[in-house]
Amino acid sequence: MNKSINHGFDGLLIVVEGTDGAGKSTHVNMLAQYIKDKCYGCTVSEWKTSRLISGVINEAKERNMLNTTTFSLLYAADYTDRLENEIIPALKAGFVVLMDRYIYTAYVRDSVRGHDINWVKNLYSFAPKPDLVFYLDVPVETLIKRLIAKNGALDYFESGRDIGLSTDIYKSFEIYQKRCLDEYKKLIKEYGFVKIDGTQDISEIHNQMKLKVDELLETI
């Protein structure tokens, strides 16, 4: 088994990125099943799921207690806990680790909330480099329709209401998500994301992802 040149572990680290409503969870779950069906060990780690930290974040959000720096540091703590207890052990064991969002989500959200991007990158400087990053590109108009259809309303933080973009939640969502999309555009080139049109049929997106994943699986 060859060690990854990106992070030095036996397994593979694959990320699916995109803004809220882009379809990340759907495709992470589909890829996980595909990889398992090919008889590879596979595990999934999702954004804000640390057993130690996620409850703290949820409570702080409900009580509207998060300022920009606290927001950044709590999410970094959540990632760190998952990295030490889930991600690295799985990579050492030779598993394929699928990430539903990665540190790039923090780069985008934290910079949109006013932090210098270099400060955020330094905060996550210990993070292993992924072997592959998919980016699901979906326009704001489609995102808002998807999220309303799914949840019946727009989320306070997904709409950027916590940073006072607009008193109108729909306008706030549009401004916030467009700023997030602008930040992702910068990262696509910098980190070599595989950009995929997220408005395509689910099966077509999955097929494109499978081709790239198959290439990687041949290396382990």
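The values are calculated or read from the model by the stated rules, or taken from the named source; none is laboratory data. In this text, all values refer to a predicted model and were calculated from it rather than measured experimentally. Positions of Cβ are backbone-derived with ideal geometry, glycine not excepted, and every protein chain shown enters the neighbour counts. Accessible surface areas use protein heavy atoms only, side chains included; no ligands, DNA or RNA. Shrake-Rupley method; radii C 1.70, N 1.55, O 1.52, S 1.80 Å.
With helices as the sole contributors, the chain gives -16000 deg cm²/dmol at 222 nm; each DSSP H run of n ≥ 4 counts as -39500 (n - 2.57), and the sum is divided by every residue.
Any idea how far apart residue 216 and residue 204 come out in nm if each label point goes 7 Å out from Cα toward Cβ? Going from the residue 216 label point to the residue 204 one covers 2.3 nm. Taking Cα atoms only, the orientation of helix 24-37 departs from the longest principal axis of the chain by about 10 degrees.
As a fraction of the 1.4 Å probe accessible area of the range 1-83, surface on carbon and sulfur atoms comes out at 49 percent. Entry comment: accessible area of the range 45-194 is 48 Å² per residue, from protein heavy atoms only and a probe of 1.4 Å. Any idea which of 73, 23, 40 is furthest toward the positive side of the dipole for the chain, if Lys and Arg beta-carbons carry +1 and Asp and Glu beta-carbons -1? Ranked along the dipole, the leading option is 73. Each listed q (0.11, 0.14, 0.24 Å⁻¹) maps to a log10 I(q)/I(0) for the range 111-220 from the Debye sum over equal C-alpha point scatterers, namely -0.48, -0.75, -1.29. For the residue pairs 48/210; 121/189; 61/171; 24/212, the C-alpha atoms sit more than 18 angstrom apart in 48/210; 61/171.
Seen from every direction in turn and averaged, the convex hull around the alpha carbons of the chain projects onto 11.6 nm². Kirkwood radius and radius of gyration were both taken over the C-alpha atoms of the range 76-155, and their ratio Rg/Rh is 1.04.
The 1.4 Å probe gives accessible areas that order 59, 218, largest first, as 218, 59. Between the Cα long axis of helix 68-82 and the first principal axis of the chain there is an angle of about 20°, rounded to the nearest 10.
For the peptides 95-107, 199-211, 27-39, the ranking by packing is 95-107, 27-39, 199-211, with the highest mean count of neighbouring Cβ atoms within 10 Å listed first.
How large is the charge dipole for the chain, taken about the Cα centre, if only the Cβ atoms of Lys, Arg (+1) and Asp, Glu (-1) carry charge, to the nearest 20 debye?
160 debye
Helix 103-112 axis versus longest C-alpha principal axis of the chain: approximately 20°, rounded to the nearest ten.
Put one equal scatterer on each alpha carbon of the range 157-218, apply the Debye formula with no solvent term, and list log10 I(q)/I(0) at q = 0.22 1/Å to two decimals. Each listed q maps to, in turn, -0.91.
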